[in-house]
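What follows is a short report on a single structure.
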Amino acid sequence: MTGWIQAIALVGALALCYRPLGDHIAHLLTSARHLRAERVLYKVIGVDPEADQRWPVYLRSVLAFSAVSVLFLYGFQRVQNHLLLNLGMDAVPSHTAWNTAISFVTNTNWQSYSGESTMGHLVQMAGLAVQNFVSAAVGIAVMATLIRGFARNRTDRVGNFWVDLVRISLRLLLPLAIVFALVLVANGAVQNFHGFHEVATLAGDPQSVPGGPVASQEVIKELGTNGGGFFNANSAHPFENPNGFSNVLEIFLLLVIPFALPRTFGKMVGDNRQGYAIVAVMGLFWVASAALITFFEFQHSGVASQAAGAGMEGKEQRFGIAASSLFAASTTLTSTGAVNSFHDSYSPFGGGLTVFNMMLGEIAPGGTGSGMYGMLILAVVAVFVAGLMVGRTPEYLGKKLGGREMKFASLYILTTPTIVLVGTGVAMALPGERAGMLNTGAHGFSEVLYAFTSASNNNGSAFGGLTVNTEWYNTALGLAMVFGRFLPMVFVLALAGALARQQPVPATPGTLPTHKPLFVGLLSGVILIVVGLTYFPALALGPIAEGLH
């Protein structure tokens, strides 16, 4: 019953925020007015806020900003032992610093280390938390270019990256983060500059209890669908996620912006019905995933689990099965990767669904920005498939989808599966890397498959059981994160530029209506068939084989 109440309350809160938040994001992305603080920042970085960019220039700006961010964060970690608030921590090893820098800049937040024993407070605050803001803003900015591609006509301009980055950070992410950080503190999340305190347990034994600026990082880790925890236990740690209310709040935070972005899309293209169709598809997949994971966890196999009525291994007693399953579905369908339970302990089919959620491209509702542009790419493919079935040139929102546009969409869809499957195959072919698996057989394969799926889709959660803090895994997963983040962005921006140059074509009686239930069903089918079946052989070797066994 409690699980149902939490789910209904969550859906209600998201529905209430859909229109005002989506409209606010659309306004900040289209407004001609610049705030005074924004103008100051533009002068500091030497940017003309009135000059829109062509898509190659926009792409170079994204890549340059990200490259500088990686170098800064890498260097910050390497000199940590000389910084203030380092808590006596040594410099982060080079391969771990490389992996972490890539991870946070790509919005992945994969962590091959324990935060409380590796990073000092200054690196956590001024390094990792800052990237939580700007990496989320980059995703929304790239999404905005694709929407402008549909909305604009006969132009080669898709926006100004620096204006988008500053506005999203200052007008959207920062205000929400301040408000909800205070809410988390009020519920018991830690926010201080303490190091480790020695306390006595109930048994009289000494224990070191860490402090730190946790709430301020926790809120943006969820709001920006980042996922990197201040502590190794992530959102299962009571200092990050103190109680049942904070747990529901954190699920709300990681979903609220991605679920509002379809409204932004509808507003910017001048037809709110288009947004309703997209959010309907997102909602269908989210509800189905949460329901199925919950079902499988309550049916957990094993004598002890069946006697207890569910599988509680790896889950917090504070949250239970339903809240843990809801969190797992939400964090893997977005690109968040935060966890309040450990997916390695889930039932084979429950854990398999968390992998499958990421394999779908994290589009229901997906990461901040990345989920929306991923869904729009799939919408383009769905319209193209419909056009082939009736022998008509496909059109979406008045833009023709020819060979050039479909090449970009196809390359986008093929990129991530290639990285995931090649990376997993190489890891399984190397005896030294196979030795890092805690388990053998199908479950061990699932651990490796989950790691590369998580890294390539910029999710960042870990199945557990796999030793990844090695030079090979840190390098390989770092490359997977880089290619999985920026190669799709290249194709999104190229598609945006191709669409923006077009002259719109008027709708005719033969035009596919993309705001009706028929299109919702078509798009859902394309997602399952085109994307989902790509990974079926790998899933059959891992979670499906384990579940059937």
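The values are calculated or read from the model by the stated rules, or taken from the named source; none is laboratory data. Being a predicted model, the structure only gives us computed values, none of them experimental. Cβ coordinates were reconstructed from backbone atoms using ideal geometry, including for glycine residues, and neighbour counts include every protein chain displayed. Only protein heavy atoms, including side chains, enter the accessible area calculation; ligands, DNA and RNA are left aside. Shrake-Rupley method; radii C 1.70, N 1.55, O 1.52, S 1.80 Å.
A few points about this structure:
- Among the residues making up segment 489-513, those that are of a type in the set (Val, Ile, Thr) and open to solvent by 10 Å² or more (accessible area, probe 1.4 Å) are Val490, Val505, Thr508, Thr511.
- Taking residues in segment 28-49 that are touching a residue at least 40 places away in the same chain (Cβ under 8 Å), and partners anywhere that are among the aromatic types (Phe, Trp, Tyr), the pairs with Cβ atoms closer than 6 Å and at least 6 places apart or on different chains are Val47/Trp162; Pro49/Tyr42.
A quick yes/no check of all residues on (1) modelled with pLDDT of 95 or more; (2) open to solvent by 10 Å² or more (accessible area, probe 1.4 Å); (3) in contact with a Cys (Cβ under 9 Å, 6 or more places away or on another chain); (4) not in a helix (DSSP H, G or I):
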| position | (1), (2), (3), (4) |
| --- | --- |
| Leu63 | yes, yes, no, no |
| Ala67 | yes, yes, no, no |
| Leu84 | no, yes, no, yes |
| Met89 | no, yes, no, yes |
| Phe104 | yes, no, no, no |
| Asn109 | no, no, no, yes |
| Gln131 | yes, yes, no, no |
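- Taken over segment 1-37, the criterion of being of a type in the set (Val, Ile, Thr) and either buried (at least 19 other Cβ atoms within 10 Å of the Cβ) or under 21 Å from the mean Cα position of the chain (by Cα) (or both) is satisfied by Val11, Ile25.
- Near pairs, Cβ below 9 angstrom, 6+ apart or cross-chain, from segment 181-205 (in contact (Cβ under 8 Å) with a residue 12 or more places away in the chain) to any residue that is surrounded by 10 or more Cβ atoms within 10 Å (Cβ to Cβ) and of a type in the set (Lys, Arg): none
- Whichever residue in segment 238-267 is in contact with a Gly (Cβ under 7 Å, 6 or more places away or on another chain) and assigned to a loop (DSSP other than H, G, I, E, B) and, among such residues, is nearest to Gln131 (Cα to Cα): Glu240
- Residue in segment 344-351 that is open to solvent by less than 10 Å² (accessible area, probe 1.4 Å), touching a residue at least 40 places away in the same chain (Cβ under 8 Å) and either assigned to a helix (DSSP H, G or I) or over 20 Å from Gly547 (Cα atoms) (or both) present: yes
- Of all residues in segment 173-193 being surrounded by 21 or more Cβ atoms within 10 Å (Cβ to Cβ) and within 24 Å of the chain's Cα centre (by Cα), the one that is farthest from Phe252 (Cα to Cα): Ala189
- For segment 392-443, filtered to residues that are over 25 Å from the mean Cα position of the chain (by Cα) and polar (S, T, N, Q), the residue that is least open to solvent (accessible area, probe 1.4 Å) is Asn439.
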